[in-house]
Every structure is written in C-alpha cells, then in structure tokens.
Amino acid sequence: MAGKGMNLTLKIWRQSDANSPGKMVDYKVTDISEHMSFLEMMDVLNEQLVSKGEDPVAFDHDCREGICGMCSMYINGEAHGPDRGVTTCQLHMRMFNDGDTIYIEPWRAAAFPVIKDLVVDRTAFDRIMNAGGFVSVNTSGNTQDANALPIPKADADEAFDAATCIGCGACVATCKNASAMLFVSAKVSQLALLPQGKVEAKERVLNMVDQMDKEGFGNCTVTGACEVECPKGISLTNIARMNQEFLKASITADK
Amino acid sequence: MSQLDAKIPEGPIKDKWTNHKNKINLVNPANKRLIDVIVVGSGLAGGSAAASLAEMGYNVKCFCFQDSPRRAHSIAAQGGINAAKNYQNDGDSTYRLFYDTVKGGDYRGREANVYRLAEVSANIIDQCVAQGVPFAREYGGLLDNRSFGGVLVSRTFYAKGQTGQQLLLGAYSAMSRQIGKGKIQMFNRHEMLELVIVDGKARGIIARNLITGEIQRHSAHAVVLASGGYGNVFFLSTNAMGSNVTAAWRAHKKGAFFANPCYTQIHPTCIPRSGDYQSKLTLMSESLRNDGRIWVPKKMEDVEAIRAGKKKPTDLSEEERDYYLERRYPAFGNLVPRDVASRAAKERCDAGFGVNATGEAVYLDFSSAIMRYGKEKATVMGEKNPSDQRVKELGEGVIEAKYGNLFQMYQKITDDNPYKTPMMIYPAVHYTMGGLWVDYNLMTTIPGCYAAGEANFSDHGANRLGASALMQGLADGYFVLPYTIGDYLADDIRTGPISTDLPEFVEAEKTVQDRLNALINNKGTKSVDHFHKRLGKVMWDKVGMARNAQGLTEAIAEIKQIREEFYKDVFVPGSMDSFNPELEKAGRVADFLELGELFAKDALHRNESCGGHYREESVEESGEQKGEAKRDDVNFKYVAAWEHKGEPSDAVLHKEDLVFENIELKQRSYK
C-alpha cells in the first residue's frame, strides 16, 4: 500500500532511573507506515530524538519475533497493546489510525521496579524459577532412552502448551493484583503433567509459590485478564491446576 | 604452523571421542570447588555449559546482556534438533548423520568434530526429555520426528515451531537449579567488553553493568565464549537486535584466530522485507519445506498480473506454476539444503519472476499438503466421499497442529492468511558458520579461552544443515566442554583465586573506559544505526548471496571508509554511567565495522564456491551440474584462520588442512 502514512501523538512514560519520579511526555511521529511493527515506530521516534541530541526512549526488546519475551509495553491501557495473541514487537501499526493518540507505559507492579523509561526489572521471575522451576537431573548423557517412557500425547501437548510461556510479565502487568499466578502455574503445570516432573512436584509448587509471595506479587482473584492479554494464550486452567497441586502438597508434603 | 594443531585424537573415527575421554585429565570434586569458570552467553551452548560445569562443582559466573538468561536468541530457533536415534527405522545411524553433516557443509568441516557431534546427538534427546522438555509425540506416546533439508531420513525432533524455546528453557531450568544453589552466579544485563590475558592464558573479562554503567573486572581460571553468531553485520538478519560479535571479536583482537568469517548461511524461507524502516527479518522455519512447495509462475505475464493485483496466486493452475526446486533437484525436491534453495530463489528472482512489488519473493504453498492431510484425516475418521471443502478444513487442522505458531506469526506480520493463500518468502541472513577457531577440545588459540556453539567455527563447514545448530550448541555445552575443560583445568588446581588487581586487569579496564569515553565524547552528527545500515547494505550487495572479486574489493574499501566516518561522526547520546542502549549499540557496531572487512577479505581470498559462499567466478560450466557452485578442493580444502595484526587488512592467514579419511570428497549433488 503506497498510501500516506499516519501521524500520531505518543504519550510516553519517561523516568530517568529507579529513584527518580517519572512523567508522561508528548511526542509526535509522522508518516508512519501501517506495515511497521510498533517497535519500528518507536525506532523512528528514537532516531528523531537522537538526531536532535535528545535522550532516546529506553525500552526492552530483542528477538522482535514474539518469542524472547523481552519487549514489554503497556499500550493504551493494555499489556502488549490492542491486538490479541501477540507481543509488543508483533503488534503492527495497522491496528492504529491516522491522528490517534497512543499512551505508552511500562509494566506496572511493585515486584517489577522501573529501571528506566519503559524498562522494568523482571528478575523476580528468575528467582521464582531458581526456587523450583526445574527437574533435578544432572547432565550425564546416561539418563534412560528418551522413548523408554511413553507419555500420552494429550499430556505431552498440554505440558507443551503450558511450556510456551515466554516470561514477559504481561500477566502481572495486566492483573489488578499484580499477581504472577499465570506465570508460576505455567511452569508448575508443565512439570506436573510430565512423569519426569512428578517426583518433586510437591516441593516444587510449595517453593515456587513461597518465592512468588516473597517477591511481593499479589494473589489471584480469578478475573482472567491475564489469560486475555497473554501473548501465548496460556490458559487459566493452569492456575486451577497449581491451586490443586498446592493444596495437595500443603496437606501431604514432608516439610 | 604449530599454532593450528587441531589436537585430533588418534585412532579410528568411531573411537576417537571415547578414547580421548578415557585419556584426558580430570579434576577431582574437591578441587573443582577451587576453580572459577566464566561463561559468556546463556543460550543453548552457554546455558548448557554453565549448568553442566556448575553441576560438576566448578564456580561458574555466567554473563548475558538480556534481562534474563532465558531470553538468549537460541529461544527463537523454530524447527527442530537432529539426533541419530533411528526411531523411524529409516536407515539412520551415527555414520549417516556424520556423513550428511559433512556433505551438507560442502566438505569444509572437520571430520573428527562432526563425528563426535553425531555420536552425542542421541544423548541430547535423552537428556532433554529427562529435564521435562515437551517434545512432540505420537498417539502411542513415543517421540515424533520430521525431515529437514539435505537429508533422506526423518531424524528431527521438535516441539511445534518452538523447539529452540523448549530446549533453551530446559537449559535455563538446569541453570536455575544451579543459580538457586549458588553454584552459578548470574550476571544479567552485563556485557563482556574485553578479554583479560595473564601470562598468555585467558584469566578473566571486563564487563559493563548495562543498568548502572559500572565497569567490572571478573577473574576465572578459564573463559568460555558462547556469545552466538555475527549475522547482524548485515544489519538485517533473523538474529535478535542485540546479537553481536563483540565478545568473540575482543578475543580475536587478543590473539584468538577467527576462522572462515565469510561462511554465512542465507536462509531460504524468511518473510520478505517490506520497507526501509525494517529493523529485522523473520524466519519461517525450514520445517515448512516438509509440507510447503516452492514456486513462481512459469509465465512472465502471470508474474506481472500478480504484481499488479490482477491475479492471485491461487488463480494459477498447476501447469502455470514452476516448482523450480522439484524441477532442478528431483531427488531432494523442496528439501535441498539451505544454500542451494536460497540460490535457486535468487536465480528465479534475478530472472524477473519474483512475485511481490520488490521482485524479491517466491511462494511457499501448502495447498497440496492441506488436501493430502485432509484426505488422510477423513479416512481415519471414517468419512466417506468428503467434499473438497471438508477435506480442506480437516487438512488445515492438521497443518495448524504442526505449524500453528508459525502460521500465526506470518499472519500477524503480513496480514495474509497462509492457510488460504501461499506464503511469500525470500532468503535472509540467518546463521554464521564461521567463528573463533577451536581445536578438538573447543579451545581457541588463546590457552584457557574456549568457544562453543555458533561462536565457534567447528562443525558445519561452509553450510549448516537445518536442525543442526541446536544439536551443536547443546553437544558443546552438555557433553563436550565439561570433559575437555577439565583436561586444561587439571593444571590449575593449585593456582588459587586469580586477583583482579593484576596489572593486566587494570590495563584492560582502562582500554574499555577509554573506548567508551571516546564514543560518548565523539559528539558527531549521525546515529549508530545510520552507520550500521550502511555497513549492512554493502555487506548484502557485495558480500551476500553471490560474490565476485570486484565487488569484494570494493566492499573492503567501502567498509573501511564507513568505519573511518563512524569514528569521525557518530553521535552517542547520554552518559557512560547510566542505562544507555545507544552506547551498547555503538560498541557493537564498531566491532562489526572491523569484522565486516575481515569477512570480505576472507571471501575475496577464497576463490571457490562452497556451501553458503558462492563466488560467481567458480561455477560448473557444463555437464549435468551446469550452473551449480564449483568447489576447488585442490586449492581450498582448508580452514582459513585469521590472526589479528592491527587493522583487519593486516590479518594474517593460517591454514588448517582438512583431512577426509572417512568420507570420500566428491561434488555435492542433490539432483
């Protein structure tokens, strides 16, 4: 399409570091093609700012194909913006109209402090994983043959669906309680569904939930916003499964 | 040429690795606690190495520039991972995987390394399943396989189109376990900016904390570089925005030879570029060539009608389509290796048959597969005489189950529905086979400095086969390095901690400070991206899919010119002691501007066509292979390893002759 590009007003959260107060600042971009990705539109803005000797807007991004989980913008009040099933980098400008005003903010949650502008610290997620998001098996190459233990396709597929979580944090950002339950439950579910993960399922769920609470994430009140905004379609069913696992483990675990 | 001793163990190829493991030195568990290892990069190679080394007892410090090790670019690998399991009973074996990989690499890989890779491949699958990696399974509960290019068996294990993600999350989970135990100290948002050498050995790195800007010294008894490939030298590639050559290039400038920089993989199936603003290219997995058929119209008038929007690809009958890969390569058809498929697409587009406005696109069509699968499914479901519509519906369901996320990705980017109309694709820079030269133990020419995964040059020769990068990354990290590094560290059990107050650390830190200061204080007029894009254009136009002496000579001069302008006129905003993505980019592009020149120099010196390196001067002129790439084993059967001597133009060539004892050297034919 060779038509004229869009002119947009951007209202962007600017904050120089974690300890400084932030504010919304207005910018204008012109002649934006509908084929651009949202981040390419941000590139255009930053190129403008750099050419004027100003500080470009800091934002996280890396793979730009929706899989690394690095990009994280809260656009017009929605995590990853108005489209469904996409990360910010997969959002395209065809979702917007000429003359639009677009609000761009960072993920907002106590457990995700702002580092700069739209960049937040999500290492709380890593610490939850360190607490139990694994199967305790060493690298040896002498584990049993991969086909020695058949796994029903339905279980394997369900485990896979849970495992596709990219850890972007959209679920937390969109939740009114800033709960991390969708993220944590995705890993708990993946491993609870597979025989390899069942052995330490109890300790895992207890330890991960414990760490989740320590990090200051809120509880789940089953609003379901996380499932709507999740770019990978992680299902709310995982939270139900985690609650089940947690309850079972709380009653029967050794510790 | 003693520096290029590949240290290949004696004995028959099938026994080399076992014998080597039995003979090399080990470090006892108590002593491992006294030894520190730095791992740069947290992708499949770095992540698996860090986890394995920590499990063994070493103190590991791991660095990644992303905000979490789980985001390394291995995560984006789509299609699958090869392993010689022969679960399909289709004649696969360690030897066949070895043979396919050497042949696929156009006989420019090192036999012993490739054999070892094939040998440990089966263990990788066992290991990953034990970690809870949810590979695709069949209804009987056993693992499913698919085929990739350049082979005649089904040996690729996969997890939909997200195999890299699942394998990386497996390695990340193994890392997480060790981070939780304190055996890995993880440095997220840190970037290695210099290698520190003490008494001729790699003993540490200088890193920058990307949040605070703090320059830090980190010491260790050995340094593993697993920092990935350098495809972003082309600006546009399928690599992540942050993927860079800096860690490898810093090591190169400190004495590590850089091998075969010109061997680049241009992947045939990527989404075509759509405009000048474009920041990256997106891959559509090679696995799609299992079921997708590649074509352009036979007649120029149809091409023109399609470009003008007067015809749709679905309007063309079978007779009006040129399935050019099936036509030219009947034995392998749409599953020829990547370099062959890319050149064939370029040939058709250069001849004017490109199907989009830019003339740089061909079709990847799933309609045959949709109908075939739909019929199968109808039979299984007991539906007699289903309508075409019903068959299509069922077939689309099967395709969705196999490639759903890829189709969704395509649709989100292009706004076209690939279930209903063929995808448009075009080749794009994807992977770099070249990298730091390593011996059999994966050690570079700097003692104690190792390179693993895409960062080294070792296993893929001049062209990498699909689904082999994941295999190599994990083989290096899980199964090779943990053994070979012990052989070296066995001499270090009494060394004790390495002090970061040594003058070598002080000096290296100062070099980094000065370099960053110079960039910040340059106060020029043009952005970093301005230079990166110019470099990328020269690389793509003159050092891309087809290369010739004149273009390469021009490229060398032009890259040097861009580099000089960069240092005169680049503008980097902000300060050194804060979060400053422009400064990070500037450092990376500065290194690309040097690597790019060496890359072109290597391409110019290699006056043969092999794998991804295609010289227009070296083409078969007659016979059955007319028009195909022509390799020159008499003059170029070697690894080109470059030694840094100041400017890239001063780099000195060292050759490692490649010896083929187990595979007969012959012309690669996929006809």
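The values are calculated or read from the model by the stated rules, or taken from the named source; none is laboratory data. Source: prediction; values computed, not measured. Virtual Cβ from ideal backbone geometry, glycine too; neighbours counted across all protein chains shown.
At a glance:
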| quantity | calculated |
| --- | --- |
| Pair list, Cβ < 9 Å and 6+ apart or interchain, from the range B:479-502 residues that are in the same structural domain as B:D439 (by TED's automatic domain parsing) to residues that are part of a helix (DSSP H, G or I) and among the acidic types (D, E) | B:P482/B:E55 |
| Residue count for the range A:116-139, restricted to those that are part of a loop (DSSP other than H, G, I, E, B) and either under 16 Å from the mean Cα position of the chain (by Cα) or among the polar types (S, T, N, Q) (or both) | 6 |
| Candidates B:A455, B:A462, filtered to the one that is at pLDDT 95 or above and in contact with a His (Cβ under 6 Å, 6 or more places away or on another chain) | B:A462 |
| Residues satisfying the stated conditions in the range B:130-175, i.e. among the aromatic types (F, W, Y) and either at the interface with chain A (Cβ under 7 Å from one of its Cβ atoms) or farther than 27 Å from B:V102 by Cβ (or both) | B:Y139, B:Y172 |
| A:R127 vs. criteria surrounded by fewer than 20 Cβ atoms within 10 Å (Cβ to Cβ) and within 11 Å of chain B (Cβ to nearest Cβ) | yes |
| Selection count where residues are within 9 Å of chain B (Cβ to nearest Cβ) and assigned to a loop (DSSP other than H, G, I, E, B), scope the range A:163-188 | 4 |
| Flag for B:M409 being of a type in the set (A, V, I, L, M), within 14 Å of chain A (Cβ to nearest Cβ) and surrounded by 20 or more Cβ atoms within 10 Å (Cβ to Cβ) | yes |
| Pick from the range B:471-487, criterion crowded, with 20+ Cβ neighbours inside 10 Å and more than 14 Å from chain A (Cβ to nearest Cβ), ranking: farthest from B:T444 (Cα to Cα) | B:Q472 |
| Unmet criterion (only one of (1) away from every other protein chain (no Cβ under 14 Å); (2) surrounded by 21 or more Cβ atoms within 10 Å (Cβ to Cβ); (3) not polar (S, T, N, Q)) for A:F160 | (1) |
| Residues of the range B:85-102 classified as buried (at least 24 other Cβ atoms within 10 Å of the Cβ) and either modelled with pLDDT under 95 or outside the structural domain of B:N463 (by TED's automatic domain parsing) (or both), total | 0 |
| When residues of the range B:198-221 are limited to those that are over 26 Å from the mean Cα position of the chain (by Cα), within 14 Å of chain A (Cβ to nearest Cβ) and part of a loop (DSSP other than H, G, I, E, B), the one nearest to B:G496 (Cα to Cα) | B:E214 |
| Test result for A:P152, surrounded by fewer than 23 Cβ atoms within 10 Å (Cβ to Cβ), more than 30 Å from B:A49 (Cβ to Cβ) and facing another protein chain (nearest Cβ under 9 Å) | yes |
| Candidates B:I205, B:I179, filtered to the one that is β-branched (V, I, T) and farther than 14 Å from B:S219 by Cα | B:I179 |
| Every residue from the range A:75-115 that is closer than 18 Å to A:M36 by Cβ and either out of contact with any strand residue (DSSP E or B) (no Cβ under 9 Å at 6 or more places or on another chain) or not in a loop (DSSP other than H, G, I, E, B) (or both) | A:I75, A:T87, A:T88, A:C89, A:Q90, A:H92, A:M93, A:R94, A:M95, A:T101, A:I102, A:I104 |
| Conditions (1) crowded, with 24+ Cβ neighbours inside 10 Å; (2) β-branched (V, I, T); (3) within 11 Å of another protein chain (Cβ to nearest Cβ); number of the one not met by B:V224 | (3) |
| Conditions (1) surrounded by fewer than 24 Cβ atoms within 10 Å (Cβ to Cβ); (2) under 30 Å from B:Q265 (Cβ atoms); number of the one not met by B:A455 | (1) |
| Residue count for the range A:49-85, restricted to those that are at pLDDT 95 or above, more than 7 Å from chain B (Cβ to nearest Cβ) and more than 24 Å from B:L283 (Cα to Cα) | 9 |
| Only listed residue being part of a loop (DSSP other than H, G, I, E, B) and at the interface with chain B (Cβ under 7 Å from one of its Cβ atoms), chosen from A:N147, A:N142 | A:N147 |
| Top-ranked residue in the range B:1-31 [being of a type in the set (G, A, S) and either touching a Pro at 6+ places or on another chain (Cβ under 8 Å) or farther than 25 Å from B:I493 by Cβ (or both); ranked as surrounded by the fewest Cβ atoms within 10 Å (Cβ to Cβ)] | B:S2 |
| When residues of the range B:187-196 are limited to those that are within 16 Å of B:L225 (Cα to Cα) and within 24 Å of the chain's Cα centre (by Cα), the one nearest to the other protein chains (Cβ to nearest Cβ) | B:N188 |
| Odd one out for B:P12, checked against (1) touching a residue at least 60 places away in the same chain (Cβ under 8 Å); (2) out of contact with any strand residue (DSSP E or B) (no Cβ under 9 Å at 6 or more places or on another chain); (3) assigned to a loop (DSSP other than H, G, I, E, B) | (1) |
| Residues being more than 14 Å from every other protein chain (Cβ to nearest Cβ), part of a loop (DSSP other than H, G, I, E, B) and surrounded by 14 or more Cβ atoms within 10 Å (Cβ to Cβ) - total across the range B:496-535 | 3 |
| Where a residue in the range A:206-234 is not assigned by TED's automatic domain parsing to the domain that holds A:E245 and surrounded by fewer than 19 Cβ atoms within 10 Å (Cβ to Cβ) and its partner, wherever it lies, is part of a helix (DSSP H, G or I) and basic (K, R), with Cβ under 6 Å and at least six apart | none |
| Qualifying residue in the range B:271-288 (condition: modelled with pLDDT of 95 or more, out of contact with any helix residue (DSSP H, G or I) (no Cβ under 8 Å at 6 or more places or on another chain) and basic (K, R)) | no |
